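The values are calculated or read from the model by the stated rules, or taken from the named source; none is laboratory data. These numbers were taken from a predicted model, which means no experiment stands behind them. Cβ coordinates were reconstructed from backbone atoms using ideal geometry, including for glycine residues, and neighbour counts include every protein chain displayed.
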Amino acid sequence: MLKGPFFFGSDKKEIEEALTPKQEEMLDKISTKVVQWKMAVPAIMFLESVKPLSYLGSQVMVFFEPFVHALFNLPEYNEFQQMMERRENVERLLQRIEKFDAEAYEEEKRRKKEAKLMRRTEKRSFSFKRLLGRE
């Protein structure tokens, strides 16, 4: 039987490994930052398009590791690289980005609705007394 990162045979069994709490926290942190920067749609498009190449992408991360460590202080880089080797973790990251984006959208919708209600309830009538400061 063929084995390897690029083998997609029908008899290949997907074994989903549970993520550690630290990995879960890392995915949440990345997803929240992407949504805060309002880059959810480009991130989803990019991750969906490179999902089949997740193993290759993680190996590119291994290649650039010395440069990254020389320029930045990223203690979680190795763990993130190992996590992104597996395609299901890319899917988990996508799902989290979509979840946090939906939550942010609902929150923004709620804030806009409250602001609209506040604008409607404000007193808009013009008063000469208020203009002159006698009210």
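Which is acidic (Asp, Glu), in contact (Cβ under 8 Å) with a residue 12 or more places away in the chain and closer than 14 Å to Ser31 by Cβ, of Glu85, Glu91? The conditions single out Glu91. Among the residues of segment 73-102, the ones that are closer than 20 Å to Val62 by Cβ, among the polar types (S, T, N, Q) and assigned to a helix (DSSP H, G or I) come to 4 in all. Within segment 79-100, one or more residues are at pLDDT below 95 and more than 23 Å from Met45 (Cα to Cα). Residues of segment 28-55 being surrounded by fewer than 14 Cβ atoms within 10 Å (Cβ to Cβ) and touching a Pro at 6+ places or on another chain (Cβ under 8 Å), which ones? Scanning segment 28-55 gives no hits.
Taking the criterion of being loosely packed, with under 15 Cβ neighbours inside 10 Å and of a type outside the set (D, E, K, R), the residues of segment 88-110 that qualify are Gln95, Ala102, Tyr105.
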